[in-house]
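The values are calculated or read from the model by the stated rules, or taken from the named source; none is laboratory data. Keep in mind that what you see is a predicted model, and the values were worked out from it rather than measured. Because the Cβ atoms are built from the backbone with ideal geometry, glycine has one as well, and the counts that use them run over all protein chains shown. For the accessible areas, the whole protein counts, side chains as well, though only heavy atoms, and no ligand, DNA or RNA atoms are used. Shrake-Rupley method; radii C 1.70, N 1.55, O 1.52, S 1.80 Å.
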Amino acid sequence: MAFPRALAGYDSSPRLRVTSLAGAVRKERLAAHVGSGAAGGYMASSAGLALCGKALVVRGGSRFLAASTASREDGRPTDQGNDTILASTFSKSGSYFALTDDSKRLILFRTKPWQCLSVRTVVRRCTALTFTASEERVLVADKSGDVYSFSVLEPHGSGRLELGHLSMLLDVAVSPDDRFVLTADRDEKIRVSWAAAPHSIEAFCLGHTEFVSRILVVPSHPELLLSSSGDCTLRLWEYRSGRQLQCCDLASLQEPVEPQGHKRFAASRITFWAQESCVALLCDSVPVVFVFQLEASRPQLVFRQQLTFSHRVWDIALEETRGLWVLQDCHESPLELWRPVQGRWQSVPEGAVLQRLSSHLHGHWAMLEGSAGAEDGFRGLYKATFDNMTSYLKKKGERLQQQLEKQRRRKSPPPGPPGRTKKARSGSTA
């Protein structure tokens, strides 16, 4: 994949590029200015991995590295920026790539060849975004609970409010036929809305007891939905009716690993491999990936394997022709590739493609350093529980004890000094 000369600032023949938002925005604004004169024309800032076809993007901080898993490539970095990327995604065909940052910008790229198409302002900081199946719009979910749509065909058009929740949105998805928009929020709800009339709600998928962190419409079975939550469960839904088909308790799976710092954990990524009907789920605070098999005839999820890593896993992505790519907090081995071998997932020995991609990450490790050692992004979303009953009962007991002591004093007053009673009696007789 190549960034064009207008974006990267040099020859576009190399197929690997590292770019920054500051550089992209400056060049996009310059291109827009020239064009107008000529023709009137959380939750999460940690490192991330995006994959579509053979196009692979690794993001960290304000920079992202675009590469290909296909043939031999080389490349050079460009200038550095300072705007943290919050979310990013490919379109279905991989022709477009979009990201949002903490400067409240939505930046749209064309990937064939790489070119920055537009930089637009969003109302609030975004938590998730997705393309429609037709690739005509980008849907952006934000922290206030709103979903805005931005045109891809008109890259400089303003956003339009589509729907809203009363709480923070954590993920957004669309059905493969673009008929429904699915949104997940902090208040345990999954909402299914009609895309043509988002105010019309088809169903709610209710059952989670904590925030819904991720949702995924199964590509090969468009009537099914996968969801994960801070309640340590992975659930399978028939989303048009809101019916729950299965609930998998992740904490009860074999080979449990104690999360770091607390006993709760949420999935930060759900990805599906259509070739093997496999579901891979990454947990945010534990270095494990759970692998399930989807038996669509029942339908049912069958737990197959738990992949354990010695370093924190930042993100995962499944490539149909290769397997599971794993981005981890390890300078020596930032990328790993896993594939099923005789029914068991195993790490693939380092080949030419893996060596090339790892060497590129070694050279640009600085863009990932901000994510190293960072806490999980969902910790602040859990319900806060307060046990005030113990202190209440203690104070109540103290008040009752004080009342009993006062009553005892009234019934039996303390004795006075000797001879006081006789003097009082003699005075009254006189």
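Identification of strands (runs of 3 or more DSSP E) wholly contained in segment 41-91 with 1 or more residues that are touching a Phe, Trp or Tyr at 6+ places or on another chain (Cβ under 8 Å) and either modelled with pLDDT of 75 or more or surrounded by fewer than 20 Cβ atoms within 10 Å (Cβ to Cβ) (or both) yields 48-52, 55-60, 75-77, 85-90.
For segment 298-321, state whether one or more residues are touching a helix residue (DSSP H, G or I) at 6+ places or on another chain (Cβ under 8 Å), assigned to a strand (DSSP E or B) and at pLDDT 85 or above. Yes, that holds for at least one residue. Among the conditions (1) open to solvent by 10 Å² or more (accessible area, probe 1.4 Å); (2) assigned to a strand (DSSP E or B), A141 misses just one, which is (1). Only a single criterion out of (1) closer than 17 Å to S347 by Cβ; (2) crowded, with 17+ Cβ neighbours inside 10 Å is not satisfied by S310, namely (2). F204 meets all of the listed conditions (1) aromatic (F, W, Y); (2) at pLDDT 95 or above; (3) more than 25 Å from R298 (Cβ to Cβ) but one, namely (3).
Checking every residue in segment 150-160 against the condition of being out of contact with any helix residue (DSSP H, G or I) (no Cβ under 9 Å at 6 or more places or on another chain), modelled with pLDDT of 95 or more, assigned to a strand (DSSP E or B) and crowded, with 22+ Cβ neighbours inside 10 Å gives at least one match.
Among the residues of segment 346-369, which ones are open to solvent by 50 Å² or more (accessible area, probe 1.4 Å) and modelled with pLDDT under 90?
P349, E350, A352, Q355, S359, H362, G363, A366, E369
Annotation for segment 323-345: no member residue is in a loop (DSSP other than H, G, I, E, B), among the charged types (D, E, K, R), closer than 25 Å to L224 by Cα and open to solvent by 50 Å² or more (accessible area, probe 1.4 Å).
For segment 163-184, a tally of residues being surrounded by fewer than 21 Cβ atoms within 10 Å (Cβ to Cβ) and not hydroxyl-bearing (S, T, Y) returns 9.
Per the listing S252, S229, the residue uniquely among the hydroxyl-bearing types (S, T, Y) and open to solvent by 40 Å² or more (accessible area, probe 1.4 Å) is S252.
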